[in-house]
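The values are calculated or read from the model by the stated rules, or taken from the named source; none is laboratory data. Just so you know, these numbers come straight off a predicted model, no measurement behind them. For neighbour counting, all protein chains shown are included, and Cβ atoms are generated from backbone atoms with ideal geometry for every residue, glycine included. Note: areas computed on protein heavy atoms with side chains; ligands, DNA, RNA excluded. Shrake-Rupley method; radii C 1.70, N 1.55, O 1.52, S 1.80 Å.
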Amino acid sequence: MLGLYIHIPFCSAICNYCNFNRGLFDAGLKARYVEALIEEIRRSGDSCGYSVFDGNGPLADTIYFGGGTPSLLEPNEVARIIDCCRSVFTAAADAEMTLEANPETVTSERIAGFRDAGINRISFGVQSFRDEELRRLSRLHDAERARQAVAEARTAGLTNVSLDLMMWLPQQRLESWLESVDAAIELSPEHLSLYLLEVYPNAPLKDEMARAGWSLAPDDDAAEMYLTAMERLEAAGYEQYEISNVSRPGRQSRHNLKYWTDGEWVGFGCGAHSTRGHVRWKNVSSTTEYIDRVGRQEPTGTEVRRLTDRERLGDALFTGLRLNEGIDLGAIERRYGVDVWQRDRADLEPFVSAGYLVHDPGRLRLTRAGMLLAHEVMAVFV
Ligand code: SF4
């Protein structure tokens, strides 16, 4: 089943570390963008060789609004986009519909509106429960607003709430990081994503760190932050299912699992990626160029290309290793005709001996220590 991704590229302010495809909110531009999105969905990627599906299109069991800040949309705009998806694709009765939200953009009424539009999962970009860390990241909310946002989601009856936390922040040390982890656990979300802050060379945060003398904890401490958080989350009843993600049993992100299990998805909006029928494409990144292309009925997709079997296999191995359950080598052999263990054994065995990788009969998976070195192991496959 397909996943549908909807990109919303607007934010109230630009965070000093952000490297996503986004820009400042502008009400007029947003209104034009929503119309363009609906038109693109209606045309259903025919720019890339697909026809309009007329409601009998492929089954889709996830719709994911990512950004940017999708919660800057009005509930009626979210409803129109979801309705358009339903009119073109065959939505599964229990489809997972996620909205990424920033805590400062929601109220009880707005969340109830998103719920009425069809949203049944909300993912809050909390990042930290310490106000000084949030200020260093130039986030617009504080810890109290994040707590209130989760309470508002519960009041609206949402039973699938996810929180994003970021670790290895400037001046953050093990104890302060664990304060955020504990605060998140206290709110009892169904799902948590833990990301490592990456400070890009041209990020304003990099200059601010230099000016203010803020430092990052040593690498070994970062490893300790990750490992200790995972232990604490497991003790609280969460299951790690992917390098950066934990959930209550059965509450994994169905949409994101498509990226890690060799699945298929179609993305709409500027900069959105798609992978379907062995073809991969990316929409034009610029918001205005995207709107103009849709208006002129020109293809929105760029970099359209058919993946070779070798590329597909490389991707399946690379992403599959992110999962705790690892790679099903038998399934890979049936799909791609390659016995990966035999092919790469010489390169993989040193990682097994070092305790980073486990080769069970029929499976290959990283140990938790191996997750800290995931990219080195994955490099064998690409
Ligand atoms: S809210 Fe998210 S997407 Fe927007 S600027 Fe901040 S980090 Fe980037």
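Annotations
- Under a Gaussian network description of the chain, with springs only between Cα atoms under 10 Å, the residue in Asp182, Asp131, Asp344 that fluctuates furthest is Asp344.
- The Cβ shell under 15 Å around Asp347 holds other residues with a net charge of -2, Lys and Arg each +1, Asp and Glu each -1.
- Mean sequence separation of contacting Cα pairs (under 8 Å, at least six apart), scaled by the length of the range 262-378, corresponds to a relative contact order of 17 percent.
- Label-point gap, in nm, between Thr261 and Glu325 - each point 7 angstrom along Cα→Cβ: 0.6 nm
- Helix-only [θ]222 nm of the chain, DSSP H runs n ≥ 4, -39500 (n - 2.57) each, per residue, nearest 500: -12500 deg cm²/dmol
- Heavy-atom accessible area with a 1.4 Å probe sorts Arg310, Arg43, largest first, into Arg310, Arg43.
- The range 250-304, relative contact order [Cα under 8 Å, separation at least 6], %: 24 percent
- Positive-end extreme of charge dipole, the range 216-345 - chosen from Ser274, Asn324, Thr300 (charges on Cβ): Thr300
- Tensor-based shape of the range 267-308 (alpha-carbon gyration tensor, a/c under 1.5 rounded, otherwise prolate or oblate): prolate
- With contacts taken as Cα pairs under 8 Å and at least 6 residues apart, the chain reaches a relative contact order of 15 percent.
- Three-way shape label, the chain, alpha-carbon gyration tensor, a/c 1.5: oblate
- Average accessible area per residue (Å²) across the range 138-255 - probe 1.4 Å, nucleic acids and ligands excluded: 44 Å²
- In nm, spacing of pseudo-spin labels at Asn202 and Asp360 (7 Å Cα→C-beta vector): 4.5 nm
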